[in-house]
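First comes the structure, then the notes that go with it.
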Amino acid sequence: DAGGFCPRATDSFQEGLRLRGLRVMKGGERCEDVFNTIKAMVRLPDIVELDILSKIASNNVLIKRAHALIEKYGLETYERMNRKLIRYSERLAREKLRNIADGEWRSVTYLEHDGIQPNLFKIQVTAKKKGDHLTLDYTGSSPQAATSVNATYHAAMGCAFAILAGRLFYDIPWNEGILNPLELILPENCIINAKFPAAVSQGMPAGGGIVVFAVQDVLSKMLLASGEDLRREASSVFGWSVHFALPVGIDQYGKFFVWPIMDECAGGMGARTYKDGVGTGGTIQTPKVRIGNIEEYEQRYPLLFFY
């Protein structure tokens, strides 16, 4: 299906290319045979090539800056500071957890469609907090779907990390350390821990997106049961409430196009205990969410915005 998401897929082999550990650069040079192969198997070769090149460019920037630090301070100091930063984040995360009331809280949310027909799926999370340790238990969630709305273990972990990092540990450096006090219990073969080769291409906006809501909800319940300062950080659930809109077709120049409209990322933020929400709070799982300019949209795609 055009657009990257494959609603009709019933296994992962129907969801496009499966590329595992494929080298696209060697010795600083492009592997042109690999680029040409990938470009020949996609509908938008120029756009896909730019996607790959942008990842290469970001890696190059990280490598350059890491090398600059190592040259300035030495490899031993660089590695020691990395380990220290992880321990620092873990210590602060555990301190914050100790300030939250001990207890057990539960949230149940629902996915109302499987991408083909209106089937109902339950995602249940129970948060158990004791001392400086937090457990998120997803026992009770629906079995995996026959379609592509399933999420994988790492998607569920990423969704939990995004909410905890953005809502609870926002003032702590984000790294492995803030995950160390967290335990995830994910039953196998459920909609947010699907077993290969289950279809998973819609896992993030579907199953994973519902995990986001559930973790937000249960976290706010934890905060509301704690001291006044933490109560002020609780809010109602917010984030996207739709799948991506994906217009597909032939543009005004006779060329094929597909466009994932990201405007749903400009949604409002939920109300807090002391104040209304924010009209354009973005999506909670995307710390630096952006949407494009209407002028650029209309220049690049055959759509016209009225308001």
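The values are calculated or read from the model by the stated rules, or taken from the named source; none is laboratory data. A quick note: this is a predicted structure, and the numbers were derived from the prediction, not measured. Every residue, glycine as well, gets a Cβ built from its backbone with ideal geometry; the counts of neighbours run over all protein chains shown. These area figures cover heavy atoms from the full protein model, side chains too; ligands, DNA and RNA do not enter into them. Shrake-Rupley method; radii C 1.70, N 1.55, O 1.52, S 1.80 Å.
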query = What residue, among those in segment 279-303 that are part of a loop (DSSP other than H, G, I, E, B) and among the charged types (D, E, K, R), is nearest to E228 (Cα to Cα)?
reply = K288
task = Kindly provide the set of residues from segment 261-291 that are modelled with pLDDT of 80 or more and loosely packed, with under 12 Cβ neighbours inside 10 Å, ordered by number.
result = Y274, K275, D276, G279
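Yes/no per residue for (1) closer than 30 Å to I178 by Cβ; (2) out of contact with any Leu (no Cβ under 6 Å at 6 or more places or on another chain); (3) open to solvent by 100 Å² or more (accessible area, probe 1.4 Å):
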site: L19; (1), (2), (3): no, yes, no
site: K26; (1), (2), (3): no, yes, yes
site: D33; (1), (2), (3): no, yes, yes
site: R43; (1), (2), (3): no, yes, yes
site: A66; (1), (2), (3): yes, yes, no
site: Y78; (1), (2), (3): yes, no, no
site: K84; (1), (2), (3): yes, yes, yes
message = Checking the structure you have, find out if any residue of segment 16-31 is closer than 30 Å to Y301 by Cα and assigned to a helix (DSSP H, G or I).
response = no
ask   = Scanning for something hydroxyl-bearing (S, T, Y) and either under 30 Å from Q117 (Cα atoms) or modelled with pLDDT of 95 or more (or both), does segment 150-161 turn up at least one residue?
value = yes
Condition met for Y153 (in contact (Cβ under 8 Å) with a residue 24 or more places away in the chain, aromatic (F, W, Y), open to solvent by less than 10 Å² (accessible area, probe 1.4 Å) and in contact with a strand residue (DSSP E or B) (Cβ under 7 Å, 6 or more places away or on another chain)) = no
